[in-house]
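Every number in this text was worked out from the coordinates using simple rules, so none of it is lab data. Computed from a predicted structure; not experimentally measured. Heads up, the Cβs are rebuilt from the backbone with ideal geometry, glycines too, and the neighbour counts pull from every protein chain shown.
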Amino acid sequence: MDLTPEQHRMLDGDYGKATRKAMQILVTLGDIYSAQRLVPVSSVQVAGVSYDNLGEAGLHFLSEMADSGGQARVFTTLNPAGMDIENWQVLGIDPGFVKNQQRVLDAFAKMGIVTTCSCTPYLVGNVPHYGENIAWAESSAVCYANSVFGARTNREGGPSALASALTGYTAEYGLHLPEARRPEITVEVHAELVDTMDYGAFGKTLGEQLVNAGGKLTPYIQGISQVPLEQLKSFSASLATYGGIALFHMEGITPEASSYSPPAKKISIGNREINVAKQSMQGGDDDEVDFISLGCPHLSLPEIARIAELLRGQRVDKEFWITTARPIKQIADRMGYTAVIEASGAKFAADTCCVVAPLKGRFKVMATDSAKACYYAQTKNRFRTVFRPFDEIVQLAIAGGHVEQGGKA
Ligand code: F3S
């Protein structure tokens with residue numbers, strides 16, 4: 001790989017031990033993927049933040065980087081941690097875990113990384129623009145940033161994202177290169193897609209079909225005329241989870257779509273496929289639900305406003321987590337949404353989520369509108385899942401609430 005004089009000096013240790021280690025990681029990755037050079041990144045998003053996933057080995061690596069002088073050279077934010085930094089007692093998180101999670105966050109903070117722990121960094125100020133190279137790690141955010149913003153990032157691992165933060169560079173391969181961003185298969189949509197649940201189911205069935213069609217094909221999606229941000233974030237999360245997809249083009253919606261013609265290879269998705277996907281995530285009855293979670297990916301402010309509207313004057317009788325980024329929660333506080341929601345008995349879980357918090361074995365059946373959360377609830381936490389539309393999930397939480405399938409409480 002061709003390195004600039006500055007990059008050579010980083011590799012030689014002129015900028016300290018941590019920067020040298022970071023540059024070694026990037027050069028090794030570049031060699032593996034035959035990158036010609038390193039390119040500057042405008043922002044970084046680091047995943048692998050929860051102590052539940054990192055363990056002592058991961059914490060040791062971070063502490064070493066922090067103690068040997070590592071400093072972020074570009075704006076860098078974090079993926080969710082294993083706990084709400086302020087509200088962990090209410091959520092029943094073990095104090096021993098809290099201590100270790102705090103050590104992780106302290107190490108990141110020491111490196112100048114912004115400890116906003118969210119998988120929707122684009123809702124809280126980490127917003128790339130079209131054509132910018134970035135180095136993000138959270139799969140749903142990577143898919144969103146590449147597709148909806150037209151920014152350029154591979155799905156980084158924890159160490160490679162940190163390496164980009166400490167150097168300001170990433171190896172130029174994969175989705176940083178225009179030729180790797182071309183669509184490979186046309187997807188004709190003939191289904192009625194309305195809410196976040198619909199788009200989650202769409203992401204699941206499309207992701208699985210793309211895997212069957214040859215694996216990780218970039219789709220060019222036709223047939224959707226309008227789609228709100230919340231549905232796009234749900235779709236991005238699901239497509240990344242079930243298909244390993246980091247980029248999609250949606251005709252009339254995403255900025256790069258107009259640069260391409262629809263590929264000749266085609267598949268079609270209708271209501272039947274969407275319904276099969278929905279059914280595949282139903283693993284329990286409403287009566288069995290003992291945990292409810294909304295906010296995968298982290299909730300936007302309008303979603304929180306909607307929860308407050310539905311919960312006003314109501315009482316919930318199940319553990320109900322509302323997961324979002326801390327700055328969004330702070331606006332919810334100011335708007336009075338938090339007071340309404342907490343008066344019902346529902347709980348905010350900012351900085352964290354139902355997947356990265358240490359919840360294994362704590363509940364039996366989780367209800368959610370998120371296809372991604374269903375996947376990890378089943379595989380990581382061994383919960384069964386009830387998959388329903390957003391409003392119905394809130395109704396399920398309300399004391400005595402019972403929701404007919406597709407109906408109202
Ligand atoms: Fe975000 Fe956690 Fe879902 S990181 S995308 S809320 S699994």
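What to note about this one:
- Computed from the alpha carbon positions, the gyration tensor of the chain leads to an equivalent ellipsoid with semi-axes of 35, 28, 17 Å, biggest first.
- When you work out D = kT/(6 pi eta Rh) for region 157-254 at 37 °C and 0.692 mPa s, using the Kirkwood radius from C-alpha pairs as Rh and the Stokes-Einstein form, the result is 226 µm²/s.
- Between the alpha-carbon centres of region 326-345 and region 1-57 there is a gap of 39 Å.
- Pairs from K216/K265; K266/K372; K233/K265; K233/K318 whose Cα-Cα separation, in the structure shown, is over 18 Å: K266/K372; K233/K265; K233/K318
- Once the Kirkwood radius over Cα pairs is known for region 37-88, the Stokes-Einstein relation at 25 °C and 0.890 mPa s delivers a diffusion coefficient of 191 µm²/s.
- Note that region 98-192 shows a convex hull volume over its alpha carbon atoms of 138 Å³ per residue.
- Basic side chains Lys and Arg get +1 at the Cβ, acidic Asp and Glu get -1 at the Cβ, and with that the dipole of region 182-277 about its Cα centre reaches some 300 debye.
- What you get for the chain, charging only the Cβ of Lys and Arg (+1) and of Asp and Glu (-1), is a dipole of about 380 debye around the Cα centre.
- Summary of packing: across the peptides 266-279, 46-59, 314-327, the per-residue average of other C-beta atoms within 10 Å ranks them, highest first, as 314-327, 46-59, 266-279.
- Peptides 331-342, 100-111 ranked from most to least packed give 100-111, 331-342, packing being the mean of other C-beta atoms within 10 angstrom over each peptide's residues.
- A cut-off of 5 Å between modelled amide H atoms, ignoring neighbours fewer than 5 places along the same chain, links E138 with A47.
- On the principal axes of its alpha carbon atoms, region 292-409 extends 37, 32, 20 Å, with the longest extent given first.
- Ignoring lysines fewer than eight residues from K110 along the same chain, the ones with Cα atoms less than 18 angstrom from its Cα are K17, K21, K99.
- Along region 359-376 the Karplus relation, 6.51 cos²θ - 1.76 cosθ + 1.60 evaluated at θ = phi - 60°, assigns HN-Hα couplings of 10, 3, x, 7, 10, 9, 10, 9, 9, 7, 9, 9, 5, 5, 4, 4, 4, 6 Hz to successive residues, with x for each Gly and Pro.
- Here the 3J(HN,Hα) profile of region 196-213, calculated from phi with Karplus coefficients 6.51, -1.76 and 1.60 at θ = phi - 60°, is 5, 5, 4, 5, x, 5, 4, x, 5, 5, 5, x, 5, 5, 5, 4, 5, 7 Hz, Gly and Pro shown as x.
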